Amino acid sequence: MVVAFLGTTILSVVLLRFVPVYFTPLMFIRCAEQMADGEAPTLHHEWVALDEMSKYMPVAVMASEDQRFLLHHGFDLKAIEEAVEHNKKNSRKRGASTITQQTAKNVFLWQGRTWLRKGLEAYFTFLIELTWSKQRIMEVYLNSIEMGKGIYGVQAVAEEHFGKNAGELTRDDCALIAATLPNPQKFSSKDPSPYMLKRQRQIKHQMKFIPLLPQEGEDVDKETVNGGIYKK
């Protein structure tokens, strides 16, 4: 059973290094939840290559979700330390999940906070970082992340909320989309609340210190990335 588990999971991760991810467990879970509530299931999703997206979209999600994405190997130890210290002193808890961890959860797992799921998330995060490039991780993340009710991926949200293609999104659009990611079921980039507009301004400011995602095969200039992050 262990050999079968390792074989199938490693093969799945390697395969999805090259094959588009058209469906995720969360998509099916949300459809089931909608039907349980007596609603017609809705699912808007269209795969689009990374180079067909706005260049600002990766920058916006790095600024919002994972500013050390280009530096770490799946786990941001500094962010974990900061979250632990914050959570000791505050009732409102802070997470330290990286974009790679979120990709592992979205593509291979289910929602939840059990130790089993967290353990599997760490396992898939390790495999993804081992076999995928940062560009591929970002591509899959931006195609699979929930961005609204029944909306998954940047192309779907661009069409549904902005009437555009993913490549036409402006810097402001991308910052607003990123602002909703903590809870896209609650927050909307189509009808943003004052709180969302405030978050958008904060993310736009953070984006000034985040470099564009390098092209596939290009080396990451770690001095530039590290210097930008710590200039704030």
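For the stretch 164-199 and the stretch 19-53, compute the distance between their C-alpha centroids and round to whole Å.
18
Distance cut-off 18 Å, Cα to Cα: go down the list LYS118/LYS186; LYS149/LYS198; LYS105/LYS134; LYS55/LYS164; LYS55/LYS208 and report the pairs above it.
In this structure, LYS118/LYS186; LYS149/LYS198 lie more than 18 Å apart at Cα.
Sum up the charges of everything whose Cβ sits under 13 Å from the Cβ of LYS149, counting Lys and Arg as +1 and Asp and Glu as -1, but leave LYS149 out.
Here the count lands on -3.
Taking only protein heavy atoms into account and a 1.4 Å probe, give the accessible area per residue of the chain in Å².
54
Given a cut-off of under 8 Å on Cα pairs at least six residues apart, what relative contact order in percent is computed for the stretch 1-153?
It rounds to 34 percent for the stretch 1-153.
How much of the accessible area of the chain, in percent, comes from carbon and sulfur atoms when a 1.4 Å probe is used?
57
Can you tell me the length gained on complete extension of the stretch ALA122 to PHE28, counting 0.36 nm per residue apart and subtracting the Cα distance?
31.6 nm is the gain from fully extending ALA122 to PHE28.
Compute, for the stretch 1-70, the length of the dipole vector about the Cα centre, with Cβ point charges of +1 (Lys, Arg) and -1 (Asp, Glu) only. Units Debye, rounded to 20.
Around 320 debye, computed over the stretch 1-70.
For MET147, which sequence-distant residues (separation of 5 or more, or a different chain) have an amide H within less than 5 Å of its own amide H, given hydrogens modelled in the peptide plane?
Close amide H contacts, sequence-distant or interchain: TYR152, GLY153.
The values are calculated or read from the model by the stated rules, or taken from the named source; none is laboratory data. All values reported here derive from a predicted model rather than from experimental measurement. Glycine gets a Cβ as well: all are built from the backbone with ideal geometry, and neighbour counts include every protein chain shown. Each accessible area value is taken on the protein alone, full model and side chains, heavy atoms only, with ligands, DNA and RNA left out. Shrake-Rupley method; radii C 1.70, N 1.55, O 1.52, S 1.80 Å.
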